[in-house]
Amino acid sequence: MLDSINIISSFQMMRSDPAHMGNSPLVSATEVATGLTKDSRAENEKKTGKTSFADYLMEAANYVNEKQQTSSDMAEKLVLDPDSVDVHDVTIAMAEANLSLSIAQNVIERLTKAWSEITTTR
């Protein structure tokens, strides 16, 4: 799960080829890899007080990851020391983790379909 979060956090819509359409400034691959654009995004967020769509996605991914970790930790406690945790709490944590993951999968699927429809519109 952590690898996919790192991939999500490094994904950015940048114009790196002058032949590509758009009015955003050209960005080299080294700037994206070193994270210089993340710093400028953080500075822009401080100035405007608004968070970007990428930040919302990262918060959502972190939330899903937190639910998964909590569920895993509670299941581990149940196995190692059954008296320290209630079985119902473990079941609820697992259900929350499953629900958050399934919602995230549906959102990703719908975003992918929407992006596909936007890019193929003539």
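The values are calculated or read from the model by the stated rules, or taken from the named source; none is laboratory data. Nothing here was measured: the structure is a model prediction, and the numbers come from that model. Cβ coordinates were reconstructed from backbone atoms using ideal geometry, including for glycine residues, and neighbour counts include every protein chain displayed. Quick note on the areas: whole protein, heavy atoms, side chains included, nothing else; ligands and nucleic acids left out. Shrake-Rupley method; radii C 1.70, N 1.55, O 1.52, S 1.80 Å.
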Review point. Between residues in region 85-106 that are under 24 Å from Leu57 (Cβ atoms) and residues that are assigned to a helix (DSSP H, G or I) and open to solvent by 80 Å² or more (accessible area, probe 1.4 Å), which pairs lie under 7 Å by C-beta distance while being six or more apart or on different chains?
Key: Ser100/Tyr63
Check your understanding: Considering region 107-122 alone, what residues qualify as being of a type in the set (A, V, I, L, M) and free of Cβ contacts under 8 Å to residues at least 40 places away in the same chain?
Key -> Ile108, Leu111, Ala114, Ile118
